[in-house]
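Engineer: Below is the structure I would like to discuss, written out as structure tokens.
The values are calculated or read from the model by the stated rules, or taken from the named source; none is laboratory data. Bear in mind that the values here come from a model prediction, so they are computed numbers and not experimental data. All Cβ positions, glycine included, derive from the backbone under ideal geometry; neighbour counts span all protein chains shown. These accessible areas exclude ligands, DNA and RNA; they are computed on the full protein's heavy atoms, side chains included. Shrake-Rupley method; radii C 1.70, N 1.55, O 1.52, S 1.80 Å.
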Amino acid sequence: MKIALLGYGKMGQVIEKIALLRGHEIVVRKSIGDSFDGLENATVAIEFSAPDAAVENISAALNLGIPVISGTTGWLHDYDKMVQLCNEKNSAFISSSNFSLGVNIFFELNAYLAKIMSKFEDYKVGIEEIHHTQKLDAPSGTAISLAKGVIENSDYNSWTLENPKSDDILIDAKRIENVPGTHTVSYNSNVDLIEIKHLAHNREGFALGAVIAAEWIVGKHGVYTMKDVLEII
């Protein structure tokens, strides 16, 4: 598999390492400001860049009919446009707030727990996310996905970073040096506390999931999610 890395920062370099170990070839390593030279030679593009670069990167690949795995967050106001472009070009596309296999299992646990806890009004849900100080968006896309998982399975209507109303989920976003990513969903009452947590030890879990998704999507057409990749019903 010939991979174009659209975004060659810390994540891109870890993805390169994992991809090479799995026998793949890197044909493009694009940082911000670089051209798209060689993109036409790629089998698949893996896009981990910055919010203001994501749409250009994704569009460039989809316009060539190259499937895209995108892990950039903070740009999803244009998500529908990328879906439309993917369908117009008969390509394939996965955008995920987190490609870690463990996090995607965590998403399922979160939704299931929210469904159970929706019957118990004494518990108030909260989400905490901690990331390294280089992360540009807050809250993280993963935290937003967790909040949406609760909202879809409860009476909560929205999330907020401050001053929550009774039907808001408070997300506490923290930035601390050298933290790859920690997410905690808690249900607190006057008598006890229930928590589920995912703690990433390093970036390799995110990179491995992205490469697995890239391997899976080759030859397919349409818009998918990590649930499709992992065959989670």
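Engineer: So, of the residues in region 186-203 that are outside any loop (DSSP other than H, G, I, E, B) and in contact (Cβ under 8 Å) with a residue 24 or more places away in the chain, which turns out to be least open to solvent (accessible area, probe 1.4 Å)? Steps first, answer last, please.
Structural biologist: Pass one, region 186-203, residues outside any loop (DSSP other than H, G, I, E, B): 186-188, 193-199.
Going one step further and asking which of them are in contact (Cβ under 8 Å) with a residue 24 or more places away in the chain, we end up with 186-188, 194, 196, 198.
Values: SER186: 25, TYR187: 9, ASN188: 80, ILE194: 57, ILE196: 37, HIS198: 33 Å².
Checked region 186-203; the qualifying residue least open to solvent (accessible area, probe 1.4 Å) is TYR187.
Engineer: What residue, among those in region 16-51 that are β-branched (Val, Ile, Thr) and out of contact with any Gly (no Cβ under 7 Å at 6 or more places or on another chain), is nearest to MET1 (Cα to Cα)? Explain how you work it out, then say what you get.
Structural biologist: Within region 16-51, the first condition is being β-branched (Val, Ile, Thr), and the residues that meet it are 18, 26-28, 32, 43-44, 46.
Okay, now just the ones that are also out of contact with any Gly (no Cβ under 7 Å at 6 or more places or on another chain), so 18, 26, 32, 43-44, 46.
Values: ILE18: 13, ILE26: 8, ILE32: 24, THR43: 6, VAL44: 8, ILE46: 12 Å.
Going through the qualifying residues, I end up with THR43.
Engineer: Separate question: Looking only at region 152-180, which residues are over 20 Å from GLY74 (Cα atoms), buried (at least 16 other Cβ atoms within 10 Å of the Cβ) and either modelled with pLDDT of 95 or more or of a type in the set (Ser, Thr, Tyr) (or both)? Break it down stepwise before answering.
Structural biologist: So the first thing to find is which residues in region 152-180 are over 20 Å from GLY74 (Cα atoms), and the list is 152-157, 163-168, 177-178.
From what is left, the residues that are buried (at least 16 other Cβ atoms within 10 Å of the Cβ) are 153-154, 156, 164, 168.
Of everything in region 152-180, those that are over 20 Å from GLY74 (Cα atoms), buried (at least 16 other Cβ atoms within 10 Å of the Cβ) and either modelled with pLDDT of 95 or more or of a type in the set (Ser, Thr, Tyr) (or both) turn out to be ASN153, SER154, TYR156, ASP168.
Engineer: Could you tell me whether region 43-52 includes any residue that is among the charged types (D, E, K, R) and either farther than 22 Å from VAL83 by Cβ or touching a Ser or Thr at 6+ places or on another chain (Cβ under 7 Å) (or both)?
Structural biologist: Narrowing region 43-52 to residues among the charged types (D, E, K, R): 47, 52.
Filter once more, so that each one left must be either farther than 22 Å from VAL83 by Cβ or touching a Ser or Thr at 6+ places or on another chain (Cβ under 7 Å) (or both): 47.
Looking for residues that are among the charged types (D, E, K, R) and either farther than 22 Å from VAL83 by Cβ or touching a Ser or Thr at 6+ places or on another chain (Cβ under 7 Å) (or both), one finds at least one in region 43-52, hence yes.
Engineer: Which numbered condition in (1) under 19 Å from SER96 (Cα atoms); (2) open to solvent by 70 Å² or more (accessible area, probe 1.4 Å) is the only one that HIS183 fails?
Structural biologist: (2)
Engineer: Let me ask something else about it. Inspect region 50-72 for any residue being open to solvent by less than 40 Å² (accessible area, probe 1.4 Å) and among the acidic types (Asp, Glu) and give the result as yes or no.
Structural biologist: Looking through region 50-72, none of the residues is open to solvent by less than 40 Å² (accessible area, probe 1.4 Å) and among the acidic types (Asp, Glu).
Engineer: Can you find a residue that is among the small types (Gly, Ala, Ser), part of a strand (DSSP E or B) and at pLDDT 95 or above anywhere in region 204-212? Explain how you work it out, then say what you get.
Structural biologist: Kept after step one, since they are among the small types (Gly, Ala, Ser), are these residues of region 204-212: 205, 207, 209-210.
Filter again for part of a strand (DSSP E or B), leaving none.
No, that holds for no residue.
Engineer: Restricting to helices (runs of 4 or more DSSP H) lying wholly in region 1-92: which have 1 or more residues that are modelled with pLDDT of 95 or more and farther than 30 Å from THR133 by Cβ? Steps first, answer last, please.
Structural biologist: Numbers: elements: 10-21, 51-63, 79-88.
Ranges flagged: 51-63, 79-88.
Engineer: Now, a different point. For region 105-138, what are the residues that are open to solvent by 50 Å² or more (accessible area, probe 1.4 Å), outside any loop (DSSP other than H, G, I, E, B) and closer than 24 Å to LYS174 by Cβ?
Structural biologist: ILE105, LEU109, LYS124, GLU128
Engineer: ASN178: over 30 Å from TYR123 (Cβ atoms), out of contact with any Leu (no Cβ under 8 Å at 6 or more places or on another chain) and not in a strand (DSSP E or B), yes or no? Explain how you work it out, then say what you get.
Structural biologist: On the way: over 30 Å from TYR123 (Cβ atoms): yes; out of contact with any Leu (no Cβ under 8 Å at 6 or more places or on another chain): yes; not in a strand (DSSP E or B): yes.
Yes, satisfied.
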